[in-house]
Structures are given as C-alpha cells and as structure tokens.
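A short worksheet on the structure shown next.
The values are calculated or read from the model by the stated rules, or taken from the named source; none is laboratory data. Predicted model only: the values in this text are computed from it and were never measured. Please note: Cβ atoms are built from the backbone with ideal geometry, for glycine as well, and neighbour counts cover all protein chains shown. SASA here: full protein model, heavy atoms, side chains in, ligands and nucleic acids out. Shrake-Rupley method; radii C 1.70, N 1.55, O 1.52, S 1.80 Å.
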Amino acid sequence: MASTSRGESLALPKVQCPNHPEALLVEDYRAGDMICPECGLVVGDRVIDVGSEWRTFSNEKALKDPSRVGDAQNPLLNGGDLTTMISRGTGAASFDEFGNSKYQNRRTMSSSDRAMLNAFKEISTMADRINLPRNIVDRTNNLFKQVYEQKSLKGRANDAIASACLYIACRQEGVPRTFKEICAVSRISKKEIGRCFKLILKALETSVDLITTGDFMSRFCSNLGLPKQVQMAATFIARKAVELDLVPGRSPISVAAAAIYMASQASAEKKTQKEIGDIAGVADVTIRQSYRLIYPRAAELFPPDFKFDTPVDKLPQL
C-alpha cells in the first residue's frame, strides 16, 4: 500500500472525472449527483445540500416562515451551532400527571456561545453602517473568537473588543478606517478602542501595516466629489511632502486632508477646510497646521502636468 504523508492524509479527497480530470463538474441539486459535462459520467452521488430546506404550501405562503431548519452552520461557535431546542408543548400529551413538561432541553446555548453570538451581531451591524464587505466581517469574527478564547482581555467590554477587532481587520485587509469612523458606528470611546487595539496586537502576537496618506485619499476625494485630476494631485502632494520630510510627526490623515485642501484650492473644484474636515474626521486647525508646513514649498509638490486654475503664488497662506 502506498504510504501518504500526514498532510496528504488530512487533505479532503478531490472528486473528479477519471477520464477528464480538469473538467468542472456540474451538480444536479435535485438528484444529488456530480456529473462530468464532457462525458456525462456520474462521478459522485448523494451529495448533501447544506442550504436551507424550504417547505411552502399555497395556503401558508404569507403566514409562516417556509424554512423548516435553523440558521446555517456557524464554525465559529462550539458544536457548529447545531444544537436542538424543543419548544414548550401545548397539548395534554406534552405533560405528565403532575403538570411537568415531558420533553425538556438537556442543554441550552452556553454563555460563551451566547456572548460570541451577540458580538458577531454587533460586528455585522457596525460593518453595515460603514458599508464594509463580508470578508472583513469574517476576519473580524475570527479575530474576536481568538481573543475571547484566550481570555487575555478579561475585564474589557465585548463591544470594545469587537470594535478594536473591526479596526484591525480593516487595516489587515488594506481598507483602513480611522478610529473616529469606528467610534461613530459603535458605542465605545476612541480611547477605549485604542487600548483594546494595543492589547489585542500583543495578545495575538500579530501586527498591522503602517497607514499611509494613500490609504485614505481615494475615499476622501470620492466623498468630497472631487475629480480624478484633483485626487491624483492630492496623492502626489502628500507623497512628495512625506518624501521631503515636510510633515514630521503629523498623522497621515491630517497630511492627506491638507494635501486635498491645497490641490482643491489650485483647481476649479475648491473645498473649504470645514468640508474636508467633516469627511476626514479632523479639526480645521489640524488641517491648517499641516497646510502651513507644506505651503512654503508648494511649487515643488504639484505634479508637472497639473492644470492650475489658481497659480501657486495665489494659494491661501492661512
């Protein structure tokens, strides 16, 4: 018998046609068969459909939920969330002679599963409010489960841990959000999210990439309704300012806001500091401070092909 390595023994067997191994198999959901589209060979049968089972009669369509099963299996919960709950009986056969229910739940959902389920709902709600995709929600759920099972953040509110996990997931997926944006969709303060953020990175021994001005530029410009030329100029200005070390110690968000302000003032699509500050989540005075640092060398910061509506020497000096 041919020996197999441990990795190979743990791998799931691949179902494929022996005559056409590269063909994409077609699944017949009604019969539960996997069929080769090239030769019609049934290479797999009795395939289990893991979707919901629907059952609807004409007189029940508008009155009852047609699903006879619960939610889909959740691998993040202990037991895959495949527990069975018996509802309270209503007929005489459901009770014994003393009035006690004959059928009782031997085990209900554990407190840890209940806490994780509530956290997952909170994460999904926060993600929906700022239009985050499903892959970020899944990563956030996994991060929360790891932190919760390690019990390394005992004493911290689960909502704070969930908010910090969402912040980390956004940065790891390359679509970072600011602390203020996370605060706006949660009930936790910026300071508490920041504390949990540092504790989670230490507990999981993980790291996140440093944020740059380019991470926020396209989103800020899009929300401000600025054209592509202004966005490209603002990106160029911010990158050049960092390369020339004009903004030491300034946060990438404030540098991006100042670059957008300078680019918009030089174009026909002018935006005020307040408009930019509302989108970027920074104060007007913060934009002014960063702008004053880059203004003296404004002529060096614009891309060569930029079409000025307002010359560099006419830009506001603040």
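Summary of values
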| item | result |
| --- | --- |
| Test: residue in region 225-234 that is touching a residue at least 40 places away in the same chain (Cβ under 8 Å), under 22 Å from ALA283 (Cβ atoms) and part of a helix (DSSP H, G or I) | no |
| Residue count for region 259-284, restricted to those that are touching a Ser or Thr at 6+ places or on another chain (Cβ under 7 Å) and part of a loop (DSSP other than H, G, I, E, B) | 4 |
| Residue satisfying all of: in region 227-262; among the basic types (Lys, Arg) and in contact with a helix residue (DSSP H, G or I) (Cβ under 8 Å, 6 or more places away or on another chain); farthest from ILE211 (Cα to Cα) among these | LYS240 |
| Which numbered condition SER207 misses (of (1) touching a helix residue (DSSP H, G or I) at 6+ places or on another chain (Cβ under 9 Å); (2) open to solvent by 60 Å² or more (accessible area, probe 1.4 Å); (3) assigned to a helix (DSSP H, G or I)) | (3) |
| Counted residues, region 239-258 - those being open to solvent by less than 60 Å² (accessible area, probe 1.4 Å), without any contact (Cβ under 8 Å) to a residue 40 or more places away in the chain and either assigned to a helix (DSSP H, G or I) or in the same structural domain as THR178 (by the TED database) (or both) | 3 |
| Scan of region 19-60 for residues that are open to solvent by 100 Å² or more (accessible area, probe 1.4 Å) and at pLDDT 80 or above, ordered by number | ASN19, GLU22, LEU24, GLU38 |
| Region 285-312: number of residues that are open to solvent by less than 20 Å² (accessible area, probe 1.4 Å) and in a helix (DSSP H, G or I) | 6 |
| Number of positions in region 121-144 that are open to solvent by 30 Å² or more (accessible area, probe 1.4 Å) and not in a loop (DSSP other than H, G, I, E, B) | 11 |
| Residue list for region 184-200, restricted to those being open to solvent by 30 Å² or more (accessible area, probe 1.4 Å) and in a helix (DSSP H, G or I) | ALA184, LYS190, LYS191, GLU192, ARG195, LYS198, LEU199 |
| GLN273, sole failed condition from (1) polar (S, T, N, Q); (2) open to solvent by 50 Å² or more (accessible area, probe 1.4 Å); (3) more than 17 Å from ASP305 (Cβ to Cβ) | (2) |
| Conditions (1) touching a residue at least 12 places away in the same chain (Cβ under 8 Å); (2) within 26 Å of SER163 (Cα to Cα); number of the one not met by SER207 | (1) |
| Residue count, region 148-170 (criterion: under 12 Å from PHE197 (Cα atoms) and open to solvent by 40 Å² or more (accessible area, probe 1.4 Å)) | 1 |
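Let's see how each residue does on (1) open to solvent by 70 Å² or more (accessible area, probe 1.4 Å); (2) under 17 Å from the mean Cα position of the chain (by Cα); (3) of a type in the set (Lys, Arg):
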site: ALA119; (1), (2), (3): no, yes, no
site: GLN146; (1), (2), (3): yes, yes, no
site: GLU173; (1), (2), (3): no, yes, no
site: ARG177; (1), (2), (3): no, yes, yes
